[in-house]
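Colleague: Supplied in structure tokens, the structure appears directly below.
The values are calculated or read from the model by the stated rules, or taken from the named source; none is laboratory data. Just so you know, these numbers come straight off a predicted model, no measurement behind them. With ideal geometry, Cβ positions are generated from the backbone for all residues, glycine too; neighbour counts draw on all protein chains shown.
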Amino acid sequence: MKKIVIIDDDDDLRTLLVYYFQSLGFDALEANNGNDGLAASVEHSPDVVILDINMPTVDGFTTLEAMRNDARINKIPVVVLSSFDHVDNRTQVHKTGCTAFARKPIELDLLRQFVEEAMDSAR
């Protein structure tokens, strides 16, 4: 079964994404901050991660950088999902190693496409 970790501090969106990806056959795990998302990624070694940028405690930039510096999880594709669609943000997350950048709000089918393409690129 494909595994996905969804890291977002928005409880409603995270719950929606968990149910959506479960309906597609994913084992969908969730975290509401970067620290918990890193721990879940190390523990469960998902096929893909969806990561928000603007989160309290540990933001998405720091989380992505930590993922890319950890040999246990540095190859996991990451789809950044953020409402902060500024060119500097896109540039920073792509330099840090995100696989794709999706802008909130997003249609679920488009997000699914980003996730599938990210997993395909990792193979």
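Colleague: Considering only segment 1-19, I want to know if a residue exists there that is modelled with pLDDT under 95 and farther than 25 Å from K95 by Cβ.
Modeller: Yes: segment 1-19 contains one or more residues that are modelled with pLDDT under 95 and farther than 25 Å from K95 by Cβ.
Colleague: Can you tell me how many residues in segment 96-115 are in a loop (DSSP other than H, G, I, E, B) and either touching a residue at least 40 places away in the same chain (Cβ under 8 Å) or not hydrophobic (A, V, I, L, M, F, W, C) (or both)?
Modeller: The total comes to 6.
Colleague: Check M119, M67 and return the single one that is closer than 14 Å to I7 by Cα and of a type outside the set (S, T, N, Q).
Modeller: Of the residues listed, the single one that is closer than 14 Å to I7 by Cα and of a type outside the set (S, T, N, Q) is M67.
Colleague: Same structure, new question: Just the residues that are surrounded by 13 or more Cβ atoms within 10 Å (Cβ to Cβ), of a type outside the set (D, E, K, R), at pLDDT below 80 and not in a loop (DSSP other than H, G, I, E, B), please, taken from segment 82-91.
Modeller: Listed by number, the list holds a single entry, N89.
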